[in-house]
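Every number in this text was worked out from the coordinates using simple rules, so none of it is lab data. Predicted model, so just to flag it, every value in this text is computed and none were measured. Note that each Cβ is placed from the backbone with ideal geometry, even for glycine, and that neighbours are counted across all protein chains shown.
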Amino acid sequence: MTIATDQSKVIEGVKADHWTRIYRRMVMIREFEDQVNELYMRALMPGLAHLYVGEEAVAVGICEALRQTDYITSTHRGHGHCLAKGASPDRMFAELLGKEAGYCRGKGGSMHIADPATGNLGANAIVGGSAGIATGAALSSKRLDTGQVTVCFFGEGALGQGVLYEVMNLAALWKLPVIYVCENNLYNEYTHYSETTAGDMLARGAAFGVHAEGVDGQDVRAVYATAQRLVERARKGEGPAFLVCDTYRYHGHHVGDINREYYRSKQEEQEWKTKRDPIKNFAGWMIQQRVADEMALEEIRKNVRVEMKAAVEFAIAAPYPKPEEADENVYA
Amino acid sequence: MPELPARELTFAQAVREALAEEMRRDKRVCIFGEDVAEAGTPFKVLSGLVEEFGRERVLDTPISEAGFTGMGVGAAMTGLRPVVDIMFGDFLTLTMDQLVNQAAKVHYMSGGTWKVPMVLRTTLGATRRSAAQHSQSLHAWLSHVPGLKVAMPSTPYDAKGLLKTAIRDENPVVFFEDKMMYKLKGPVPEQEYTIPFGVAEVKREGEDITIVATSSMVQVALGAAEMLGKAGISAEVVDPRTTWPLDEKTLVESAKKTSRAIVVDEGYGRYGVSGEIASVIAEGAFYSLDAPVKRMGAMHVPIPFSPPLEDVTVPTEQAVFQAARAMCGKR
Ligand SMILES: Cc1ncc(C[n+]2csc(CCOP(=O)(O)OP(=O)(O)O)c2C)c(N)n1
């Protein structure tokens, strides 16, 4: 298969309905997150949530290259990863609202969605906290010869955690099928990454002999093409990879982070939103390539909106767990 | 104690035999840690395992405690049964996030969908002249965390039976071995057996005072009981064997019977396992007690190097003997 990230070409062998699915998934994540923001504003959601709006192309581009049985680990900003790996919005909303029908029966919430059925080993609220788990899963796949690949998602803030380098070293030594996907959205919470990250990011992976590369995280086709290549390498036993995706979060660090001017300008936000929006740009490309027309895309957006509304209503109506369940599931 | 025909094995041999049997029984069981393969660990506890099971299943790791403990969690979630080796209990500090925030919480946070059947073996115990960073007994820290189980064998027999149970458990288990006990010999049956968690054992029956002791302190308690016997005091020694789950019933019943209790544990006496067990007894046996429950643990200092300094930091037979005698109203 030949891959082109050139705007004028289609990835060979990828059919129109596949591109439409990718579009739909990105729209779904954005719409999901808009609903989460609504729930917060209407004071219907306990706690906070970290929205993935603006970063959709990363999760979707990567997960499109994975099989259902492949594993992912996710982060505090994890809704996009979970949805891209196949989680259903109704049970996700239910979890965010702390309902019994949620993926974790209300015990995990926004930052801990986990789902064995879609290979989701769990979102982690410790920055860099899932690096060990992801690498251990890759060790299992290699030992048990299952052919599975694991993707470990994390923000560039996790580059400050030593455990990441411990396991990268091990993954390289043992040639484990794991891909470390760094979503560089520029900010570790409220601090620009240039204040926290010395030297060259990619060199950090390369120093261990881990295949390292960067990609425009706002271009879903480029992410997908790169992911396909890295996943194939890993599956063939060629070892781990480190992929840095340049991206941007449109909202605050969490839903309550409204006044952001002390750490980033409105102009910067506006530029990313207008010039580098992953969904709009991909839609433009689809139309230009005649993969779909504007009407078809509008139809998708409308359907997703209806689906998300229904999912939210399901979650709002769903019952809370009984207080007696608080001490269940501590031990298997 | 064993009723089956038994041979004498050292504590280290019993641990190794448990691992070898479980690795033969279940191909998913694997070991990783520093110097675990050909070296068989600095204490030689694992000698011979790599020869039988190969480097696929006995994996030498870099000196990355957090990294390979975290990998143990992920491997356990996805089909292996890892036994992670942390050379000295003091190095548990490096694994804390992996144990406390990850291993202990995965099952609960996922609403019971993922499981972490992992064992982490490590050591405790002072008096090896190893100073402050190689002598601590930090089992209280882990016993404090819901989601973990903590086993503390005190004999070769218990070490083997409890380790086999730990490996078969569906939850993360932290398994503490007293490094001073590796050469201790005791009867271990030839036949297969396991010891359930949460079941204390009365190591010696008595009438006048209960000495609850864990791990390294069980031999100390038995020595003190021997001395007490000569002084006309009949001491019962009870070993909880696991600090979580904790067999509260056996502890409370023994204290009710004898009406006095001392708890001896090598962790620090303040905010520790001895305090927790003393409290369980005080709550459960209050109306039968003739004296306040006494805690005995390590002195509240970093463990010193020099022998005359180190020796006074850990409860001794003599100290337990004297404390028990005083509680029984004798001088
Ligand atoms: C170990 C740890 N330290 C600090 C925090 C608090 N915290 C939560 S998110 C965050 C910033 C993370 O930035 P990054 O990894 O780049 O992810 P992003 O939020 O940008 O997606 C911090 C400091 C935490 N959750 N875990």
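Summary table
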quantity: Counted charge near A:His81, where neighbours are those whose Cβ lies closer than 12 Å (Asp, Glu -1; Lys, Arg +1); calculated: -1
quantity: Neighbour-limited loop hits for GluC sites (Glu not before Pro), the stretch B:120-211 (at most 14 other Cβ within 10 Å; DSSP other than H, G, I, E, B); calculated: B:Glu170, B:Glu190, B:Glu192, B:Glu205, B:Glu207
quantity: Around A:Ala310: net Lys/Arg minus Asp/Glu count, Cβ-Cβ under 14 Å; calculated: 0
quantity: Antiparallel %, DSSP beta bridges [both residues in chain A], to 5; calculated: 10 percent
quantity: Hull shadow area, averaged, the stretch A:151-242 [alpha-carbon convex hull, nm²]; calculated: 5.6 nm²
quantity: Under the Karplus curve 6.51 cos²θ - 1.76 cosθ + 1.60, θ = phi - 60°, whole-Hz ³J(HN,Hα) for the stretch B:146-154, x wherever Gly or Pro sits; calculated: x, x, 9, 10, 10, 10, 9, x, 10
quantity: Over the stretch A:1-138 - Rg/Rh using Cα atoms and the Kirkwood inverse-distance radius; calculated: 1.00
quantity: Highest-MSF residue in chain A out of A:Ile113, A:Ile126, A:Ile62 [GNM, Cα springs under 10 Å]; calculated: A:Ile126
quantity: Residues whose placed amide H lies under 5 Å from that of A:Tyr180, excluding near-sequence neighbours; calculated: A:Cys152, A:Ala241, A:Phe242, A:Leu243
quantity: Alpha-carbon spread of the protein assembly as shown, three principal axes, descending order, Å; calculated: 97, 54, 45
quantity: Order of A:Trp272, B:Trp141 under a 10 Å beta carbon neighbour criterion, fewest first; calculated: A:Trp272, B:Trp141
quantity: Calculated FRET efficiency for the pair A:Glu232/B:Ala6, C-beta based, R₀ 60 Å, to 0.05; calculated: 0.60
quantity: Contour minus Cα-Cα distance for A:Glu294 and A:Tyr262 (0.36 nm per residue); calculated: 7.7 nm
quantity: The stretch B:6-189 - Rg over Rh from alpha carbon coordinates, Kirkwood radius; calculated: 0.94
quantity: Part-to-part distance (alpha-carbon centres) for the stretch A:31-75 and the stretch A:115-143, which is given in Å; calculated: 17 Å
quantity: Positive-end residue, chain B charge dipole about Cα centroid, Cβ charges, pick of B:Pro62, B:Gly297, B:Met109; calculated: B:Gly297
quantity: Likely footprinting exposure, A:Met28, B:Met96, fewest C-beta neighbours within 10 Å first; calculated: B:Met96, A:Met28
quantity: Positive-end residue, the stretch B:6-189 charge dipole about Cα centroid, Cβ charges, pick of B:Val145, B:Pro187, B:Ala126; calculated: B:Pro187
quantity: Dimensionless Rg over Rh [the stretch A:46-89; C-alpha; Kirkwood]; calculated: 0.97
quantity: Reciprocal of mean inverse Cα separation for the stretch B:13-86 (Kirkwood radius, Å); calculated: 12.1 Å
quantity: Total charge dipole magnitude, the stretch A:3-316, about the Cα centre, Cβ charges on Lys, Arg, Asp, Glu only, Debye to nearest 20; calculated: 620 debye
quantity: Rounded to 10°, Cα long-axis angle of helix B:317-327 versus longest principal axis of chain B; calculated: 40 degrees
quantity: Efficiency of FRET between A:Tyr320 and B:Ser279 - r from beta-carbon atoms, R0 30 angstrom, step 0.05; calculated: 0.35
quantity: Extent along principal axes [Cα atoms of the stretch B:201-327; Å; largest to smallest]; calculated: 42, 34, 23
quantity: Protection-proxy order for peptides A:200-211, A:79-90, A:221-232, each taking the mean of Cβ atoms within 10 Å per residue, highest first; calculated: A:79-90, A:221-232, A:200-211
quantity: Cut-off under 5 Å, modelled amide H: who pairs with B:Glu177 long-range; calculated: B:Thr122, B:Thr123, B:Leu124
quantity: Table column - 3J(HN,Hα) (Hz), the stretch A:83-96, Karplus curve with 6.51, -1.76, 1.60, x for Gly and Pro; calculated: 5, 5, 7, x, 5, 9, x, 5, 6, 6, 4, 4, 5, 4
quantity: Coil-residue GluC sites (Glu not before Pro) of the stretch B:1-31, DSSP, other Cβ within 10 Å capped at 13; calculated: B:Glu3
quantity: Dipole magnitude of chain B about its Cα centre (Cβ charges: Lys, Arg +1; Asp, Glu -1), debye to nearest 20; calculated: 300 debye
quantity: Karplus 3J(HN,Hα) series, Hz, for the stretch B:128-135 with 6.51 cos²θ - 1.76 cosθ + 1.60 (x for Gly, Pro); calculated: 9, 6, 10, 6, 5, 9, 9, 9
quantity: Value of D in µm² per second that Stokes-Einstein yields for the stretch B:231-301, Kirkwood Rh from Cα pairs, at 37 °C (0.692 mPa s); calculated: 264 µm²/s
quantity: Span per principal axis, largest first, for the Cα atoms of chain A (Å); calculated: 53, 50, 43
quantity: Residue among A:Leu230, A:Val181, A:Thr191 farthest towards the positive dipole end of the stretch A:137-296, charges placed on Cβ; calculated: A:Leu230
quantity: Where trypsin sites (Lys or Arg not before Pro) fall in DSSP loop in the stretch B:109-210, at most 16 other Cβ within 10 Å; calculated: B:Arg128, B:Arg129, B:Lys183
quantity: Charged-residue dipole, Cβ positions (Lys, Arg, Asp, Glu), the protein assembly as shown about Cα centre, Debye nearest 20; calculated: 380 debye
quantity: Per-bin percent of Cα-Cα distances, chain B [10 Å]; calculated: 6, 27, 34, 23, 8, 1
quantity: Long-range amide H partners of B:Ala298 with built H, under 5 Å; calculated: B:Gly267, B:Tyr268, B:Gly269
quantity: For residues of B:75-86, the mean tally of beta carbons on other chains within 10 Å; calculated: 5
quantity: Net +/- balance of residues flanking B:Lys183 in space, Cβ distance below 15 Å, scoring K and R +1, D and E -1; calculated: +2
quantity: A:Tyr71, A:Tyr248 arranged by Cβ crowding within 10 Å, fewest neighbours leading; calculated: A:Tyr248, A:Tyr71
